[in-house]
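K.L.:
The following block contains the structure, expressed as structure tokens.
The values are calculated or read from the model by the stated rules, or taken from the named source; none is laboratory data. Model, not experiment: these values are computed from the prediction. Note that we place each Cβ from the backbone using ideal geometry, even for glycine, and neighbour counts take in every protein chain shown. Heavy atoms of the whole protein, side chains included, go into the accessibility calculation; ligands, DNA and RNA do not. Shrake-Rupley method; radii C 1.70, N 1.55, O 1.52, S 1.80 Å.
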Amino acid sequence: MNKKSIKDIALKGKKVIIRVDFNVPLDEKQGITDDRRIQAAIPTIKYALTQGAKKVILMSHLGRPKGKVVEAMRLFPAAQRLESLLKENVSSLKDCVGDAIKKAIEMGSPRIVLLENLRFHKEETDNDPQFAKALASLADVYVNDAFGSAHRAHASTEGITKYLPSVAGFLMEKELNYLGQVVSHPAKPLVVILGGAKVSDKIMLIENLLTKADSILIGGGMAYTFLKAQGISIGQSLLEADKIDFAKSILEKAKAAHVQIVISHDFVIVDDFGKPAHAKISDKIPDGWQGIDIGPKTRQQFKEILSKAKTVVWNGPVGVFEVEAYSKGTQEIAEYLAGLKEVTTIVGGGDSAAAVSKFGVADKMTHISTGGGASLELLEGKQLPGVVALNDKHEKVAVR
Ligand code: AMP
């Protein structure tokens, strides 16, 4: 990584403001149903404390309150969960800028404060310079550890870097190292598994990886547009008719570049999505039926190709894994990846991350990204504004 990390800067006696991603799922009683994002921020928080930071000021967004205070989107449940994970008091503040907040931060204890949901102020998503400056005025050093928000140029991810020395936290560094390596110099062969519902979401990803991957394995809902492009009948399966030409051009480019593209060629099909008991395995998809998962022959071929990989990137489930009867393909691929030795396995955020968790193999993957949109943009070869804005490794920065 060519950006400064938290290890490159002195924190002793400093007020350190850390952009974390505490955008956690909540139930209707504001109970946190999955605290992985809070857990993922802990190494950076602990490091700042052990380095003698005077104050650790955490800030995050939660949901989409659109510039208004929404009671159900307050961050205090995250503060409470962090408190119990760290076994240290965390003060949950009622706002994120202003004199009262400054005063609360100047108090000696506790050492950790969590600002209120940044998106209660519309200036956050507007990347308003005054708001960014007000956030910056709370601290001496800025750390961005919110990889999942780094693809957005907001006040807390981009604007603030204009006023403070700005470095990456450990989670950010880890994400950039793993995902960055895939796009810059992956250990080869690089095999990419693509699934999920839509081709349109993955167009730039496919185009970018086409120049880097040795094999691209396509399953999930997006496979049917590629099959249609080859003149294969797909019955009532998902189709993006306006993406057939794109699919054709990708198949041609892959051929010219000697990149192997494998599209599912047998299927779990069903005539009524709501009646999984009707599901059967077939090489063909008759009219009135839809493909809902990859079939056993495709699974086998995918595994043979994966057995030779040195790097695997997985983005998108290969079937409707949420329904038991349609989940076998995704489950078998997840379990097969879990058993691979000396292979870097990288799972994109979102649904593929949910799938490896569901099948109990999350801890067997080399890296599961915490950011769906951000990981997609990195793999598309884009620069993330929240990363670009951090200080370069060799840049001289003055800490006040
Ligand atoms: P995405 O958000 O694009 O990664 O899409 C993930 C969703 O694609 C999951 O909820 C899957 O249920 C769905 N999906 C995967 N395979 C299929 C398929 N063959 N037909 C319809 N939906 C699918």
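K.L.:
Compute the long axis of helix 244-256 from its Cα atoms, compare it with the longest principal axis of the Cα atoms of the chain, and write down the angle in degrees, 0 to 90, nearest 10.
P.N.:
Orientation of helix 244-256: about 90 degrees from the principal axis.
K.L.:
Go through the stretch 184-190 residue by residue and turn each phi into a ³J(HN,Hα) via Karplus (6.51, -1.76, 1.60, θ = phi - 60°); whole Hz please, and just put x for glycine and proline.
P.N.:
Ordered by residue, 3J(HN,Hα) equals 9, 8, x, 5, 9, x, 9 Hz.
K.L.:
Considering the Cα trace of the chain, what is its radius of gyration and what is Dmax, both in angstroms?
P.N.:
Considering the chain through its Cα atoms, Rg and Dmax are 23.0, 70 Å.
K.L.:
Tell me which residues come under 5 Å, amide H to amide H, from Gly316 once H is placed; ignore anything under 5 positions away on its chain.
P.N.:
For Gly316, whose amide H was placed from the backbone, the distant partners under 5 Å are Gly195, Gly348, Ser352.
K.L.:
So, for the stretch 208-341, what is the accessible surface per residue at a probe of 1.4 Å, expressed in square angstrom?
P.N.:
About 44 Å² of surface per residue is accessible.
K.L.:
For the chain, calculate the relative contact order in percent as a whole number, restricting contacts to Cα pairs under 8 Å that are 6 or more residues apart.
P.N.:
It comes to 17 percent, rounded to a whole number.
K.L.:
How many percent of all Cα-Cα pairs in the stretch 136-259 sit more than 20 Å apart?
P.N.:
That fraction is 58 percent.
K.L.:
Okay, next question. Toward the positive end of the charge dipole of the chain, about the Cα centre and with charges on Cβ (Lys, Arg +1; Asp, Glu -1), which of Ile244, Ala134, Ile346 goes farthest?
P.N.:
Value computed over the given set: Ala134.
K.L.:
Pairing the Cα long axis of helix 328-339 with the longest principal axis of the chain, what angle in degrees results, from 0 to 90 and rounded to the nearest 10?
P.N.:
Relative to the chain, helix 328-339 is tipped by roughly 60 degrees.
K.L.:
Measure out, as a whole number of angstrom, how far apart the alpha-carbon centroids of the stretch 297-343 and the stretch 165-181 sit.
P.N.:
If you average the Cα positions of each part, the centres end up 27 Å apart.
K.L.:
Calculate, for Arg111 and Phe273, the FRET efficiency according to 1/(1 + (r/R0)^6) with r their C-beta to C-beta distance and R0 35 Å; round to the nearest 0.05.
P.N.:
Given R0 = 35 Å and the Cβ-Cβ separation, E is 0.10.
K.L.:
How high is the FRET efficiency between Asp95 and Asp201 when r is their beta carbon distance and R₀ equals 35 Å, given to the nearest 0.05?
P.N.:
That gives a FRET efficiency of 0.45.
K.L.:
Rounding to the nearest 20 debye, state how big the charge dipole of the chain is about its Cα centre with +1 on each Lys and Arg Cβ and -1 on each Asp and Glu Cβ.
P.N.:
Computed charge dipole of the chain: roughly 1300 debye.
K.L.:
Would you mind computing, in nm to one decimal, how far apart the modelled labels at Asp242 and Thr50 are, each placed 7 Å from Cα along Cα→Cβ?
P.N.:
Going by the 7 Å Cα→Cβ label model, 5.3 nm.
K.L.:
Which value, in debye to the nearest 20, describes the size of the charge dipole of the stretch 3-44 about its Cα centre when Lys and Arg Cβ atoms bear +1, Asp and Glu Cβ atoms bear -1, and nothing else is charged?
P.N.:
540 debye
K.L.:
Once you keep just the Cα pairs under 8 angstrom separated by 6 or more residues, what percentage relative contact order results for the stretch 176-379?
P.N.:
It comes to 23 percent, rounded to a whole number.
K.L.:
Using a cut-off of 12 Å between alpha-carbon atoms, which aspartates and glutamates can reach Lys303, once sequence neighbours fewer than 8 places away in the same chain are excluded?
P.N.:
Glu332, Glu335
K.L.:
Subtract the Cα-Cα distance of Ser184 and Ser233 from 0.36 nm times their separation in residues, and report this length gain in nm to one decimal.
P.N.:
Stretched fully, the Ser184-Ser233 segment lengthens by 13.9 nm.
K.L.:
Starting from 0.36 nm per residue, how many nanometres of slack lie between Leu251 and Leu86 once their C-alpha separation is accounted for?
P.N.:
Between Leu251 and Leu86, full extension yields an extra 54.3 nm.
K.L.:
Which lysines have a Cα lying under 28 Å from the Cα of Lys66, excluding residues fewer than 8 positions away in the same chain?
P.N.:
Lys29, Lys94, Lys102, Lys103, Lys122, Lys133, Lys162, Lys198, Lys202, Lys382
K.L.:
Continuing with the same structure: Collect residues whose amide H, placed 1.01 Å from N in the peptide plane, falls under 5 Å from the amide H of Lys3; neighbours closer than 5 in sequence don't count.
P.N.:
Amide H to amide H, under 5 Å and 5 or more residues apart or across chains, Lys3 pairs with Lys393.
K.L.:
For a quick check of your reading of the filter: which GluC sites (Glu not before Pro) in the stretch 330-393 sit in a DSSP loop and have no more than 12 other Cβ atoms within 10 Å?
P.N.:
Glu342
K.L.:
Tell me which lysines have Cα within less than 16 Å of Lys284's Cα, excluding those fewer than 8 residues away on the same chain?
P.N.:
Lys228, Lys297
K.L.:
Translational diffusion coefficient of the stretch 6-169 at 4 °C, 1.567 mPa s, Stokes-Einstein with Kirkwood Rh over Cα pairs, in µm²/s as a whole number.
P.N.:
84 µm²/s
K.L.:
Ok, one more. About the Cα centre, and with charges only on the beta carbon of Lys, Arg (+1) and Asp, Glu (-1), how big is the dipole of the stretch 185-256? Nearest 20 debye, please.
P.N.:
It works out to roughly 160 debye.
K.L.:
Additional query: Between Gln300 and Thr33, how many nm apart are label points set 7 Å from Cα along the C-beta direction?
P.N.:
3.9 nm
K.L.:
Ranked from highest to lowest mean number of other Cβ atoms within 10 Å per residue, what is the order of the peptides 310-320, 65-75, 211-221?
P.N.:
For the peptides 310-320, 65-75, 211-221, the packing ranking is 310-320, 211-221, 65-75.
K.L.:
From the phi angles alone, apply the Karplus equation (6.51, -1.76, 1.60; θ = phi - 60°) to the stretch 154-169 and give each ³J(HN,Hα) in whole Hz, x where the residue is Gly or Pro.
P.N.:
Whole-Hz 3J(HN,Hα) from phi for the stretch 154-169: 10, 4, 7, 10, 10, x, 4, 5, 6, 10, 9, x, 10, 10, 8, x.
K.L.:
Would you mind checking the tilt of helix 36-50 against the longest principal axis of the Cα atoms of the chain, expressed as 0 to 90 degrees and rounded to 10?
P.N.:
40 degrees
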